[in-house]
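What follows is one structure encoded as structure tokens, with my remarks underneath.
The values are calculated or read from the model by the stated rules, or taken from the named source; none is laboratory data. Everything quoted here is computed from the prediction, not taken from an experiment. Cβ coordinates were reconstructed from backbone atoms using ideal geometry, including for glycine residues, and neighbour counts include every protein chain displayed. In case anyone asks, the SASA skips ligands and DNA or RNA and just uses the protein heavy atoms, side chains included. Shrake-Rupley method; radii C 1.70, N 1.55, O 1.52, S 1.80 Å.
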Amino acid sequence: MREVFQQELREVQTRLAEIAELVESAIQRGTKAFQESDVALAEAVIEDDLRIDTLATSLDELAITILARQQPVAKDLRIIVSALRISASLERMGDIAEHIAQLARYRFPESVIPKGLGKIFREMGELDVQVAANVVTLLRTEDLLIIEDIRNTDDRIDELHAKVFEKVLSDTFKGEVTNVVDATLASRYHERFADHAVSIAKKVQYLATGEYS
């Protein structure tokens with residue numbers, strides 16, 4: 001029974017990493033669709049989000065079954081509880097990638113990015129893809145050194161998020177009200193995506209050390 005239990009725990013961790021890989025693909029394609037006004041790619045991201053949701057639900061069901069049947073304690077319990085929380089964050093990250101893609105679809109064939117903000121959103125997109133890749137590696141290796149990279153990337157995205165607000169609220173911004181709404185929504189999505197990555201990093205740290213910070 002103990003070997004079966006350990007196999008189930010490994011299955012939980014493997015599934016988390018697989019979902020994270022799908023999220024990485026979603027944000028990579030979602031930000032590309034957003035930046036290039038690629039409506040076909042945006043539709044693909046939107047459609048594929050259902051797969052992330054389904055896998056996250058399936059993982060949650062497995063974790064709950066293990067809790068009920070095995071009644072784990074100590075680190076084994078931390079693995080299951082952390083997995084449930086990480087799964088929720090990954091599902092939300094997938095939703096955010098979908099939202100970014102939806103913005104491209106809503107404004108097609110026009111660009112959703114207001115003039116003067118292209119460079120900022122390009123960097124935000126690249127950083128979100130980077131942070132998603134780091135989450136995959138973190139979940140596969142539990143290398144705690146990656147956590148610092150995730151936090152540093154999040155700090156930079158926060159800086160860019162503030163710059164977007166500074167620009168659209170300045171007297172020199174020439175965009176329409178819809179441009180302001182689009183820019184603030186998009187910036188918020190990019191920023192929240194990284195926030196969830198930080199949340200996952202904290203949970204992995206808790207899983208590895210028993211300490212939450």
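A few points about this structure:
- Any chance residue 20 is open to solvent by less than 50 Å² (accessible area, probe 1.4 Å) and in contact with a Lys or Arg (Cβ under 8 Å, 6 or more places away or on another chain): no
This table checks each residue for (1) assigned to a helix (DSSP H, G or I); (2) buried (at least 18 other Cβ atoms within 10 Å of the Cβ); (3) not aliphatic (A, V, I, L, M).
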residue	(1), (2), (3)
33	yes, yes, no
46	yes, yes, no
54	yes, no, yes
59	yes, yes, no
67	yes, no, no
80	yes, yes, no
88	yes, no, no
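- Restricting the stretch 178-191 to residues that are within 19 Å of the chain's Cα centre (by Cα) and surrounded by fewer than 17 Cβ atoms within 10 Å (Cβ to Cβ) leaves a set whose member that is modelled with the highest pLDDT is 188.
- Which numbered condition residue 10 misses (of (1) of a type in the set (D, E, K, R); (2) touching a Leu at 6+ places or on another chain (Cβ under 9 Å); (3) without any contact (Cβ under 8 Å) to a residue 24 or more places away in the chain): (2)
- Residue 198 being among the β-branched types (Val, Ile, Thr), open to solvent by less than 60 Å² (accessible area, probe 1.4 Å), over 30 Å from residue 75 (Cβ atoms) and modelled with pLDDT of 95 or more: no
- Leading residue by the ranking (farthest from residue 54 (Cα to Cα)) among those in the stretch 104-116 that are surrounded by fewer than 22 Cβ atoms within 10 Å (Cβ to Cβ) and either among the polar types (S, T, N, Q) or within 22 Å of the chain's Cα centre (by Cα) (or both): 111
- The residues on offer are 73, 39, 45, and the sole one that is of a type outside the set (Asp, Glu) and without any contact (Cβ under 8 Å) to a residue 12 or more places away in the chain is 73.
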